[in-house]
1. Scanning for something part of a helix (DSSP H, G or I) and either within 14 Å of chain B (Cβ to nearest Cβ) or in contact (Cβ under 8 Å) with a residue 24 or more places away in the chain (or both), does region A:164-173 turn up at least one residue?
2. Give the residue that is most open to solvent (accessible area, probe 1.4 Å), with candidates limited to residues of region A:121-135 that are farther than 14 Å from A:Ile187 by Cβ and not β-branched (Val, Ile, Thr).
3. Hey, among A:Asp262, A:Asp250, A:Asp182, which residue is more than 21 Å from the chain's Cα centre (by Cα) and modelled with pLDDT under 90?
4. Output the number of residues of region B:136-169 satisfying the condition of being touching a strand residue (DSSP E or B) at 6+ places or on another chain (Cβ under 7 Å) and not charged (D, E, K, R).
5. Could you list all residues from region A:128-157 that are among the basic types (Lys, Arg) and free of Cβ contacts under 8 Å to residues at least 40 places away in the same chain?
6. Run B:Leu90 past the list (1) part of a helix (DSSP H, G or I); (2) at pLDDT 95 or above; (3) more than 14 Å from every other protein chain (Cβ to nearest Cβ); (4) open to solvent by less than 60 Å² (accessible area, probe 1.4 Å) and report the number of the one that doesn't hold.
7. Restricting attention to region A:96-117, and to residues there that are facing chain B (nearest Cβ under 10 Å) and part of a loop (DSSP other than H, G, I, E, B), which single residue is farthest from A:Tyr167 (Cα to Cα)?
8. Run A:Ser199 past the list (1) surrounded by fewer than 17 Cβ atoms within 10 Å (Cβ to Cβ); (2) outside any helix (DSSP H, G or I) and report the number of the one that doesn't hold.
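The values are calculated or read from the model by the stated rules, or taken from the named source; none is laboratory data. Note that the coordinates shown come from a computational prediction; the quantities given were computed from them, not determined experimentally. Glycine also receives a Cβ, built like all others from the backbone with ideal geometry; neighbour counts cover every protein chain displayed. These accessible areas exclude ligands, DNA and RNA; they are computed on the full protein's heavy atoms, side chains included. Shrake-Rupley method; radii C 1.70, N 1.55, O 1.52, S 1.80 Å.
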Protein chains: 2
Amino acid sequence: MMSSRLPPQLPLSTLPVRPAGQPVILGIVGDSGAGKTTLAAGIAAIFGPERVTLLCTDDYHRYSRMERAERGLSPFDPQANYMDILEQHLQQLRAGRAILKPVYDHSDGTLRAPVYVEPKDYILVEGLLTYSTRAMRDCFDVKVYLEPEEELRTAWKLRRDIAKRGYTEDEARRELDRRLRDSLTHIRPQRTFADLVLSFRRRDGSVSPVRTNNLNARHILRPTLPHPDLTPIVEGAKNGIRLELARDIDGKPVDVLEIEGDVEDRRAKAMEDLLWDLIPEAGHLRANLGQYLDEDQHTRMSHPLALSQLLITYHLIKAAMGHYAI
Amino acid sequence: MMSSRLPPQLPLSTLPVRPAGQPVILGIVGDSGAGKTTLAAGIAAIFGPERVTLLCTDDYHRYSRMERAERGLSPFDPQANYMDILEQHLQQLRAGRAILKPVYDHSDGTLRAPVYVEPKDYILVEGLLTYSTRAMRDCFDVKVYLEPEEELRTAWKLRRDIAKRGYTEDEARRELDRRLRDSLTHIRPQRTFADLVLSFRRRDGSVSPVRTNNLNARHILRPTLPHPDLTPIVEGAKNGIRLELARDIDGKPVDVLEIEGDVEDRRAKAMEDLLWDLIPEAGHLRANLGQYLDEDQHTRMSHPLALSQLLITYHLIKAAMGHYAI
């Protein structure tokens, strides 16, 4: 009975057209080590480098690692970041204009000469504080928040900080503790602004968090975006892919889409087909979906990751077509 | 008879008010070594550092000195500069917003980490290419072009490049030659957009250009700004300060205000008094007018320099009061 109240679909010819030269902007926010870069790289691979600008807002750190230590600031603190400049740059990119982006070198924690960044058709912005202000949030077409199971995030972060950022294991663990308070104060409250909260988790919590193949993916779908109708896929399903009405941690009603790591190929393929059919103009992008590098740097394929990427891609394509411009 | 056609003066109460938070922006453009930094520093000293933001657009060089050499580009070439970013930053400052300014280190010709620059009440922007686009020019309240006698400029530039920028005399002379073509193509055409063209010159062309005390100052006053009425000072004057109707090098009618280096103290003081009386709200700024460092780094006082600074200051004060906002 509720569905009879929905407005009729607009005929195609009256669909709004996105302003020329205005890129589509995706936000990926989450705690340190939540997998932001991996998700952004996966989506970038779908569209191809010639159509994607990647922006990591860690580059807007105001201080070097050493300066932060002297001041007792964590990189999660807005005071340790050029928040107003980030907002300004997002607005410039949104308007299709290039920016001169600052550079924070994660390998040694120093600030470097800035680089010129031009907006391509799709801009993927990943960072810690990117939904902090209304003006920033208004720049995004699609807002994702990444919230992996905490044990996974900790394991991913330690591995990354030691392998790529020159921390010893002791230092990396101390950083984790030091940042927890700032994370609770500054990072996690941004979850509430996301259209989609994506949470990777182990199927069995007792499995070592370092062996992270075949993770489940839980998607909290907020009604702030018109999510695709997945009922043809999930109807009558007992496992593998489930869609449930639920209350979010803040009590608000949401859809929860759960994709299990061991979902049958046949069912995963059915969901993929359904989503690609909804965006026929993007069918040619189907090649590189769902790949990631595992802990041994081998390219692997994951159904939940592929479907998460595809769900986000679906929204980016719809935004590019101007469907979300009204 | 012509003066009877002038519109009546607006009563003070109807004067337009400048938008709150919008700084007054002065442009100083001219060839390399023309004295831009010296003029900017002199005007900054009048207002005081707490009210002035200094911006040198050399910081928008796209390449290091070494990269320019490899590409065969001079710093005068717009292609060797982030022109769109400069335009964007001028617009942000104009709107009262901070920028993250790139940094070009003149001492070794390298690019560095950017710095955060907040707009204060007065922004003094000196540079090579700052009037290149309409959008840039629209950001300025007052536009000055510096055009010293060529022998003076050459001597000033060589002295500066050797003392402060690590060039040998041979290198500095080669740079001068190499840049001449780009200067004719890119720098000097901007002269036409200035409200005021300021030209320091020797009283006697045969004097060594290194001994540059008591220079004459010639001001070409374009009708793009309402210049103060100087007739009470120059009427009946035989020397020292002259105001003449003339044709500019492009054939356009202009006023030429000539202030000689050996103008009598009494006459210079009379012009100073007249200008300060026209901006009574700025009388407290009178202390630091007209000082400069000579070639031996001694602080000296020059009447022509003082009066040039004061004429520019007059326009900045009028702009700050909103007189030029209509």
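1. Yes, because at least one residue in region A:164-173 is part of a helix (DSSP H, G or I) and either within 14 Å of chain B (Cβ to nearest Cβ) or in contact (Cβ under 8 Å) with a residue 24 or more places away in the chain (or both).
2. Among those that are farther than 14 Å from A:Ile187 by Cβ and not β-branched (Val, Ile, Thr), it is A:Arg134.
3. Matching residue, one of A:Asp262, A:Asp250, A:Asp182: A:Asp262.
4. 8
5. Across region A:128-157, the qualifying residue is only A:Arg134.
6. All conditions pass for B:Leu90, except number (3).
7. Among those residues, the one meeting the criterion is A:Arg97.
8. (1)
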